[in-house]
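Scroll down for the structure; my scribbles are underneath it.
Only the coordinates and a few stated rules stand behind these numbers; no lab work does. Source: prediction; values computed, not measured. Neighbour counts run over all protein chains shown; Cβ positions are idealised from the backbone, glycine included.
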There are 2 protein chains.
Amino acid sequence: MIYSSELIKGTLKTIVLKLLADNKRMYGYEITQKVKQLTADKIQITEGALYPTLHALESDGLLVTETEYIGKRVRKYYSLSRSGKTKANEKVSELADFMNTMKFLLDLKNQSA
Amino acid sequence: MIYSSELIKGTLKTIVLKLLADNKRMYGYEITQKVKQLTADKIQITEGALYPTLHALESDGLLVTETEYIGKRVRKYYSLSRSGKTKANEKVSELADFMNTMKFLLDLKNQSA
DNA sequence: TGTTGATACATAATATTCTTATGTATTATT
DNA sequence: AATAATACATAAGAATATTATGTATCAACA
């Protein structure tokens, strides 16, 4: 089972920031695989969504990059800047809070009964 | 505190379907107020988001409407169709599952340590 | 050795879904 | 009389994803 894509919307930035908070540095493809693995294939981040997001986070100054070559193949590592670390904490807290609120909403029983 | 708007994306349909599953019938404005109340103002559904969503759910056959007049003011009640009830259950289950997955992701500790 | 699948980046066209702004009108409150 | 709340609706624009496409390297296998 893969979640309907609309659910991912709005959480991608937070997922990326959280993974980078946990792993110091990661490259794009690695992020897609890590998320796939950690969620038992339930969340699959597409490259068309991820790369523009990484570029946006970088241009916001939240991520910094180092490019390395593995053989002849380029690999672009991303890591959190100082402000990125702060932002990561904020976004993770907000999402956790949001999920509690949603859980509460979804657990409500019939109000009309 | 109000959640950053991007978090709401993708959950609105599910919230609406869930509220209608709990309350038999509701009208648009009522839904905005109910969500606001249930979430202590943390989630505020805008009318520009809600009405198009209600119309879409209706045209998908998930909702049915009855129009009533309160004095001279029109009020449009929405309720779940048979397929809407099924869909509501599916969407709520999926979102609950998704939130567990996200919770797991966010609770992970440093992987690089 | 050549074809396939995995790795690894990227962007463009399109679709979806929201925000923000605007509009109309009734009713309640001050 | 003016303002806020109730109640509907739509349009322009922004944000963010999907889908498709492109390039290229590397590993495995037949």
Alpha carbon centroid spacing (whole Å) that separates segment A:13-37 from segment B:60-89 | 42 Å
The local net charge around residue A:69, scoring Lys/Arg +1 and Asp/Glu -1 for residues other than residue A:69 whose Cβ lies under 15 Å from its Cβ, equals +2
Based solely on its DSSP helices, what 222 nm [θ] is calculated for chain A when runs of n ≥ 4 H residues each add -39,500 (n - 2.57) and the sum is averaged over all residues, nearest 500 deg cm²/dmol?
-> -18500 deg cm²/dmol
Please report, in Å, the Rg and the Dmax of the protein assembly as shown, where both are computed over Cα atoms only.
-> 20.3, 76
Tell me the distances, shortest first, between residue A:37 and the same position across the other copies, using label points 7 Å along Cα→Cβ, in nm to one decimal.
-> 4.9
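If you count, for each residue, the other Cβ atoms within 10 Å and average over each peptide, how do B:35-43, B:4-12 line up from highest to lowest?
Values: B:35-43: 15.4, B:4-12: 17.7.
Ranked by mean Cβ neighbours within 10 Å, highest first: B:4-12, B:35-43.
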Rg/Rh for chain B, where both radii come from Cα atoms and Rh is the Kirkwood radius = 1.06
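Mind checking B:7-17 for the average number of partner chain beta-carbons within 10 Å of each residue's beta-carbon?
On the way: counts 12, 4, 6, 9, 8, 1, 2, 6, 3, 0, 0.
Average neighbour count from other chains, rounded to a whole number: 5.
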Assuming R0 = 25 Å, what is the FRET efficiency of residue A:93 and residue A:56, from their Cβ-Cβ distance, to the nearest 0.05?
-> 0.75
Placing each pseudo-label 7 Å from Cα in the direction of the beta carbon, residue A:25 and residue B:33 end up separated by a distance in nanometres of 5.7 nm
Provide an ascending nm list, one decimal, of label-point separations from residue B:89 to the equivalent residue in each further copy; define each label point as 7 Å from Cα along Cα→Cβ.
-> 4.5
